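Below: the structure, in structure tokens.
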Amino acid sequence: MSMGHRAISPAITSIFLIGLAVTGAVSAGNAMFKQNDISQKSARLDILDAQLIRLGDDKAYFGFTVKNTGTVTFASVNIRMSDGTGALQIFTDESLLEPGDQISKYLIDDMVLDSGVKYLVHIDGVTTSGSAYSIAQTVTARG
């Protein structure tokens, strides 16, 4: 008894399976290329120079140079350190810091520093995509 069903040709099935394999390979390749693009982006700041100089009993000079050595742009950079009394000194730069660019700033402010003592300077950056990067370095006060 024949039901009137016809079998699918093996040639059509082979073409369909080859097309499915090619589509899968293209999708996997695109995903790997996208992942490769993401992995090549790096957020990095380097402290090129940091100086703490005691100018008197309650005045000090705090100077620094920070360079964007990564491959992404920073939207803001925040530099902070605590003096000998625990008072926090903060400088924020919200101008775009492109890869390869650097900023140099200084503050002369009310700070209590002891010559020869090491202080910790923190650099925090936020990229234009919202990623955060932080680095810290000890700096010995002079003066």
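Matching residues to (1) closer than 15 Å to LEU52 by Cβ; (2) hydrophobic (A, V, I, L, M, F, W, C):
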residue: PHE74; (1), (2): no, yes
residue: GLN102; (1), (2): no, no
residue: LYS105; (1), (2): yes, no
residue: ASP110; (1), (2): yes, no
residue: SER115; (1), (2): yes, no
residue: LEU120; (1), (2): yes, yes
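Before we move on, is LYS67 in contact with a strand residue (DSSP E or B) (Cβ under 9 Å, 6 or more places away or on another chain), exposed (fewer than 15 other Cβ atoms within 10 Å of the Cβ), in a strand (DSSP E or B) and touching a residue at least 12 places away in the same chain (Cβ under 8 Å)?
no
Take THR73 and tell me if it is among the hydroxyl-bearing types (Ser, Thr, Tyr) and either in contact with a helix residue (DSSP H, G or I) (Cβ under 8 Å, 6 or more places away or on another chain) or open to solvent by less than 60 Å² (accessible area, probe 1.4 Å) (or both).
Numbers: among the hydroxyl-bearing types (Ser, Thr, Tyr): yes; either in contact with a helix residue (DSSP H, G or I) (Cβ under 8 Å, 6 or more places away or on another chain) or open to solvent by less than 60 Å² (accessible area, probe 1.4 Å) (or both): yes.
Yes: the conditions hold for THR73.
Among the residues of region 4-43, which ones are of a type in the set (S, T, N, Q), under 23 Å from the mean Cα position of the chain (by Cα) and modelled with pLDDT under 80? Spell out the reasoning first.
First, pick out the residues of region 4-43 that are of a type in the set (S, T, N, Q): 9, 13-14, 23, 27, 30, 35-36, 39-40, 42.
Of the ones still in play, those that are also under 23 Å from the mean Cα position of the chain (by Cα) are 35-36, 39-40, 42.
Across region 4-43, the qualifying residues are GLN35, ASN36, SER39, GLN40.
Could you grab me the full set of residues in region 72-95 that are over 16 Å from ALA132 (Cβ atoms), in a loop (DSSP other than H, G, I, E, B) and either at pLDDT 85 or above or touching a Ser or Thr at 6+ places or on another chain (Cβ under 8 Å) (or both)?
SER95
Could you say whether any residue in region 27-34 is among the aromatic types (Phe, Trp, Tyr), without any contact (Cβ under 8 Å) to a residue 60 or more places away in the chain and assigned to a strand (DSSP E or B)? Break it down stepwise before answering.
Our first condition is that a residue be among the aromatic types (Phe, Trp, Tyr); within region 27-34, this holds for 33.
Okay, now just the ones that are also without any contact (Cβ under 8 Å) to a residue 60 or more places away in the chain, so 33.
Subsequent filtering for residues that are assigned to a strand (DSSP E or B) retains none.
No, there is no match, as no residue in region 27-34 is among the aromatic types (Phe, Trp, Tyr), without any contact (Cβ under 8 Å) to a residue 60 or more places away in the chain and assigned to a strand (DSSP E or B).
Does ILE53 satisfy the condition of being surrounded by fewer than 12 Cβ atoms within 10 Å (Cβ to Cβ) and not aromatic (Phe, Trp, Tyr)? Lay out the reasoning, then the answer.
Values: surrounded by fewer than 12 Cβ atoms within 10 Å (Cβ to Cβ): no; not aromatic (Phe, Trp, Tyr): yes.
So ILE53 does not fit the description; no.
The values are calculated or read from the model by the stated rules, or taken from the named source; none is laboratory data. Remember, it's a predicted structure, so these values are computed and weren't measured experimentally. Cβ sites come from the backbone with ideal geometry, for glycine too, and all protein chains shown count toward neighbours. In case anyone asks, the SASA skips ligands and DNA or RNA and just uses the protein heavy atoms, side chains included. Shrake-Rupley method; radii C 1.70, N 1.55, O 1.52, S 1.80 Å.
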